[in-house]
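Asker: This is the structure I want to talk about, given as structure tokens.
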Amino acid sequence: MENLKIYVNQSREGYAFSLLPSQRAIVKSFFGEIANPASQVMVNYDLKSGFEKYYSKLEKYILPALLGIDDEKDLKRIQKISFIDPFTNNIIDTLITNE
Amino acid sequence: MNKPNYHLYFGRAGHLKAMSEFLLRGWNVAVPEVDEGDDIFVVQHETGELKRVQVKTAKAKSQKESYAAQFNLSLKQLADIKKGVHYVLLVRYLDQWSDILIITQETLFDLYNNHQIGSVHKDNLTLRLTFRKNKVFNKQTDFSIYQNNFEDFLIT
């Protein structure tokens, strides 16, 4: 899969990472039964900042929860993941899984 | 009708019509005290499940072998997909409530992003729906599956 789009909203509590229906359908079609994509994963600010302080950027680690795929080899089949601001359609961040 | 602010009465009538449809299906309804973009809350008493609903009401105009209704949606609200709102689009045609479409915010946002539905002017998305022979379309996008789409509000 070339490019997966994940939309990122901010709220008072934290970040919401959303996978739109068309993207969920693409994930399901590409991965079949091994994938169980969710519509949204929410992470509060404290958790995100604490995680990134001790580990690394959170975005990579929410993928298993959002896509319902926990095998890293499978996740690497997605070449690029774009994190997009839904209000501006600007790409906030990009994750290249093979790096 | 030429009554001043009639559009407010019309919109409110739509809200009450939408609320009655949820009540008929066993969902309780509430109107928020402060308007922050959600028109009504619907809640399932037994489970406590709550859903946020945005009601849009439009008067349809006759066309050749069809009729069309136009809805104005805030793009800012539409893009705030974390909220998980259900949009209820109510159509009034020939003095009757003729159609009700229910579509989730994420689906509508997806259609806007990927199928270029509607037209954008400033911060609003104008969605013109054409009703013809039991089908509903905006441009080439078929909205028919969203007619009477209460599947997220079924009580088993």
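Any read-out appearing in this document is the output of simple, stated calculations on the displayed coordinates, not a laboratory observation. The structure presented is a predicted model; accordingly, all values stated were derived computationally and were not measured. Note that we place each Cβ from the backbone using ideal geometry, even for glycine, and neighbour counts take in every protein chain shown.
Asker: Using a Gaussian network model on chain A with a 10 Å cutoff between Cα atoms, which of A:21, A:64, A:37 fluctuates the most?
Answerer: Comparing A:21, A:64, A:37 in the GNM, the peak value goes to A:21.
Asker: Another question about this same structure. Please report the equivalent ellipsoid semi-axes of the range A:1-90, computed as sqrt(5 x eigenvalue) of the Cα gyration tensor, largest first, in whole Å.
Answerer: Numbers: eigenvalues 94, 50, 26 Å².
Value: 22, 16, 11 Å, ordered largest first.
Asker: Do you know the Lys pair count in chain B for C-alpha distances under 20 Å, with sequence separation 8 or more or different chains?
Answerer: Taking chain B as the scope, the lysine pair count is 25.
Asker: While we're here: Ignoring everything except DSSP H segments at least 4 long, calculate the 222 nm mean residue ellipticity for the protein assembly as shown; use -39,500 (n - 2.57) per segment, divide by total residues, nearest 500.
Answerer: Numbers: 8 runs with 69 residues, N = 255.
The helix-only estimate for the protein assembly as shown comes to -7500 deg cm²/dmol at 222 nm.
Asker: What is the sum of charges around residue B:68, taking Lys and Arg as +1, Asp and Glu as -1, for the other residues whose C-beta is under 10 Å from the C-beta of residue B:68? Display every interim value, and only then the final one.
Answerer: Working: positive: B:61, B:128, B:132; negative: none.
Residues close to residue B:68 contribute a combined charge of +3.
Asker: What is the calculated FRET efficiency for residue A:38 to residue B:41, with r their C-beta to C-beta distance and R₀ = 25 Å, to the nearest 0.05?
Answerer: 0.60
Asker: Can you tell me the orientation of helix B:6-24 relative to chain B, as the angle in degrees between its alpha-carbon axis and the longest Cα principal axis, to the nearest 10?
Answerer: Here the helix axis deviates by roughly 50 degrees.
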